[in-house]
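Chemist: What follows is a single structure, and I will ask about it in a moment.
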């Protein structure tokens, strides 16, 4: 996608968030993905500890996403939604940036995407939108695969509106 297309997606997503029916998961995931893409192309390079686990370091352009929360927090502020960026580590998707909180009130970084329909979809390079349980709470959610320049799935983005 070119920058103009991404700008249009972001503008539409932000506009949708200000209407009376602000809880549109597809518009919210479009906004999250546009915010990430604005930083540059996705790639993995090296590793970084996330919650004490070494996982691939996920970048958009020169911006490292691991342990960086400004984008997911901006989505919460704009859309009153949870948001997460996962990196693919082997067969798992690990939360490296999230505003989803554990029952102890800490960010759920280092936790894995459950083996559910969303996992199956993003593993195959497909999107998923629907009802899902995230760390014990029901959400209307969307997940999109994150692919590198060669088309390989290297992560996933997620947003959820609490049911």
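Just so it is clear, none of the values below were taken in a lab; they were calculated from the coordinates. It should be emphasised that the depicted structure is a prediction, and the values quoted were computed from it without experimental measurement. Glycine also receives a Cβ, built like all others from the backbone with ideal geometry; neighbour counts cover every protein chain displayed.
Chemist: Relative contact order for the chain using alpha-carbon pairs under 8 Å, separation at least 6, rounded to a whole percent?
Modeler: Once divided by the residue count of the chain, the mean separation gives 20 percent.
Chemist: Sticking with this one: Short version: what are the Cα gyration tensor semi-axes of the chain, square root of 5 times each eigenvalue, largest first, in whole Å?
Modeler: 22, 19, 15
Chemist: If we count other beta carbons within 10 Å of each Cβ, what is the order of 97, 127, fewest first?
Modeler: Least crowded to most crowded, the residues run 127, 97.
Chemist: Work out, in µm²/s and without decimals, the Stokes-Einstein translational diffusion coefficient of the range 110-163 at 10 °C, 1.306 mPa s, Rh from Kirkwood over C-alpha pairs.
Modeler: 139 µm²/s
Chemist: Would you order 115, 76 from fewest to most other beta-carbon atoms within 10 Å of each residue's own beta-carbon?
Modeler: 115, 76
Chemist: Between residue 73 and residue 129, what length in nm is gained on full extension when 0.36 nm per residue of separation is reduced by their alpha carbon distance?
Modeler: Computed gain between residue 73 and residue 129 is 18.1 nm.
Chemist: Mind running the shape call on the range 49-113? Use the C-alpha gyration tensor, a ≥ b ≥ c as the square roots of the eigenvalues: rounded below 1.5 for a/c, prolate if a/b tops b/c, oblate otherwise.
Modeler: In terms of gyration-tensor shape, oblate.
Chemist: Now for a separate question. Starting with the fewest neighbours, write out 123, 150 ranked by other beta-carbon atoms found within 10 Å of each beta-carbon.
Modeler: Starting with the residue having the fewest Cβ neighbours, the order is 150, 123.
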